[in-house]
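Shown next, in structure tokens, is the structure this report addresses.
The values are calculated or read from the model by the stated rules, or taken from the named source; none is laboratory data. Quantities reported herein were computed from a predicted structural model and do not represent experimental measurements. Positions of Cβ are backbone-derived with ideal geometry, glycine not excepted, and every protein chain shown enters the neighbour counts. Ligands, DNA and RNA are stripped out before the accessible areas are found, and what is left, the full protein with its side chains, is counted by its heavy atoms. Shrake-Rupley method; radii C 1.70, N 1.55, O 1.52, S 1.80 Å.
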Amino acid sequence: IVLLCIPALIAGNTVVVKPSEVAPLSGGMAVAAMQTALPPGVVNLVQGDGSVGSYLVSHAGVAMVGFTGSTAVGSKILEAASKTLKPVVLECGGKDPMIVFADADLDLAAKEAVAFSLANCGQVCCAVERVYVASDVAEAFEKKCVELAKTYTHGDGLDPASKIGPLASEMQRAKVHSHVVAATKAGANLLLGGELPKGDGNFYPPTVLGSVPHAANMEETFGPVVALSPFDGSDDSAVKLANDSTYGLTASVYSTDLARAGLVASRISAGQVGVNCNPFAGGGAIQCPFVGHKQSGYNSHSGVDGWRAFSTPKSLIYSAPPPAEDLPPAAKKARAE
């Protein structure tokens, strides 16, 4: 919400926010925080299900739409907005790959594979969902990931001892579990977790799968699962596996050979690719436009290029250069720059 609202506000727009219907309270809190610092009516909150979102997207008073969510909903928004040629920024789903070559710093790679697979209970569009590990180091890497994942206790998010809270809905928990069961039936090894907890709440334990068949891990899971798949360790295989997806949001490549890692990273079809880091952990990532390739997005947000998406260029043409004092404020600023 904030990554879309801030550039829209800086560009001089007023904003209407409709949070997801499965997480209305956190969205409402984000809006309330912005409202405390802004005049009434600048940032507005509307709650409701998809029908409310559909109404907003098609409303004549809405000049632009920014959306973070599933590719399926993003496609519907793009179609609806096209009827009135509204500009659209979409950050959609992902099935983000991580490549671990045999010469990688395995401790660092394992730490980040686990951290960025389990962060926010895996409910992040740019979570690591596919980890391809060179077969020469796959067994050692699996052990490191299992030991790290054991430290991620799931439970009440208000309990300081919990590192993983609940999933957003019962439906999402059922989907995550179905992916784990399907992967094990396809030949994956269940190394940790993978069982539905007893009791109340949509909790799911940190789960580690080994030897996951590539074909069994194509749909976005959006849950706390570390999915490890061995590969032959070659550059071409790494690129082929990473790109064999309808998504292209983020990716990461781990190798002590920076020239090799950079070349592989440049061949992966994703908007943000980290080299020996997750894109969100790299220095200054927020200065870059955040963009999804393929079905992971449309246009971009963040960074100078992304922020410009929330305004429309306009030219004032004079017959002769006017004195600076006669220019409107926006033109004075443009001339100064």
If I fit a long axis through the Cα atoms of helix 71-82 and take the longest principal axis of the Cα atoms of the chain, what angle between them do I get, 0 to 90°, rounded to 10? 20
To check you understand DSSP bridge types, tell me what percent of the beta bridges within the chain (both residues inside) are antiparallel, rounded to 5. 25
At 4 °C and 1.567 mPa s, grab the translational diffusion coefficient of region 271-337 from Stokes-Einstein with a Kirkwood Rh over Cα pairs, rounded to a whole number in µm² per second. 86
When all C-alpha to C-alpha distances in region 1-53 are sorted into bins of 10 Å, what percent of pairs does each bin hold, rounded to whole numbers? 25, 57, 18
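Calculate, for Ala324 and Lys240, the FRET efficiency according to 1/(1 + (r/R0)^6) with r their C-beta to C-beta distance and R0 51 Å; round to the nearest 0.05. Walk me through the numbers on the way to the answer.
Values: r = 57 Å, r/R0 = 1.13.
Working from the Cβ atoms, E equals 0.35.
Percent relative contact order of the chain, based on C-alpha pairs within less than 8 angstrom and at least six residues apart?
Values: 627 pairs, mean separation 58.2, N = 337.
Reported as a whole number, the value is 17 percent.
Could you compute the net charge surrounding Tyr247? Neighbours are other residues with a C-beta less than 14 Å from the C-beta of Tyr247; K and R count +1, D and E count -1. Before the final figure, lay out each step's value.
On the way: positive: Lys95, Arg130, Lys294; negative: Glu91, Asp96, Glu129, Glu219, Glu220, Asp244.
Neighbourhood net charge equals -3.
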Work out from phi, with θ = phi - 60° and the Karplus expression 6.51 cos²θ - 1.76 cosθ + 1.60, the ³J(HN,Hα) of each residue of region 57-67, listed in order in whole Hz, and give x for Gly and Pro. 4, 8, 5, 5, x, 9, 8, 7, 10, x, 9
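Would you mind counting up the charge near Pro322? Only other residues with Cβ under 12 Å from its Cβ, with Lys and Arg at +1 and Asp and Glu at -1.
Values: positive: Lys332, Arg335; negative: Glu325, Asp326.
In short, 0.
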Could you work out the equivalent-ellipsoid semi-axes for region 1-90, taking the square root of 5 times each eigenvalue of the Cα gyration tensor, largest first, in whole Å? 21, 16, 11
Let me cross-check Cys125: its accessible surface, 1.4 Å probe, with only protein heavy atoms counted, in Å² to the nearest 10? 20
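Order the following by accessible area, largest value first: Phe101, Phe290. Probe radius 1.4 Å; ligands, DNA and RNA are ignored. Can you show the working numbers first?
Numbers: Phe101 0, Phe290 20 Å².
Heavy-atom accessible area, descending, gives Phe290, Phe101.
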For the chain, which whole percent of the accessible surface, found with a 1.4 angstrom probe, sits on carbon and sulfur atoms? 59
Taking only the alpha carbons of the chain, the radius of gyration and the largest Cα-Cα distance, Dmax, both in angstrom, are 22.3, 76
Rg [Å, one decimal], Dmax [Å, integer] - region 122-243, C-alpha atoms: 14.6, 46
Leaving ligands and nucleic acids out of the surface, order Met98, Met171 by accessible area at 1.4 Å, largest first. Met171, Met98
Between 0 and 90°, nearest 10: helix 138-149 axis offset from the chain longest Cα axis: 70
How much length, in nm to one decimal, is gained on full extension between Ala33 and Asp107, taken as 0.36 nm per residue of separation minus their Cα-Cα distance? 22.8 nm
Counting only helical runs of four or more DSSP H residues, what would the 222 nm mean residue ellipticity of the chain come to if each run contributes -39,500 (n - 2.57) and the total is spread over all its residues? -10000 deg cm²/dmol
For the pair Ala215 and Ser169, the simple spin-label estimate (label points 7 Å beyond Cα toward Cβ) gives in nm 3.1
Suppose the chain between Asn189 and Ala281 were pulled fully straight at 0.36 nm per residue; how much longer would it get relative to their current alpha carbon spacing? 30.2 nm
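In a shell of Cβ-Cβ distance under 12 Å around Val273, excluding Val273 itself, what net charge do Lys and Arg (+1) and Asp and Glu (-1) give? Before the final figure, lay out the partial values.
Working: positive: Arg267; negative: Asp96.
With Lys, Arg at +1 and Asp, Glu at -1, the neighbours total 0.
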Listed by chain and number, the residues whose amide H is under 5 Å from that of Ala104, excluding neighbours fewer than 5 places away on the same chain and using placed H, are Thr256
Taking only Cα atoms, what is the 0 to 90° angle, nearest 10, from helix 24-35's long axis to the longest principal axis of the chain? 40
Return, ordered by residue number, the residues of region 1-31 whose backbone nitrogen is under 13 Å from a label point located 7 Å along Cα→Cβ of Val46. 15-19
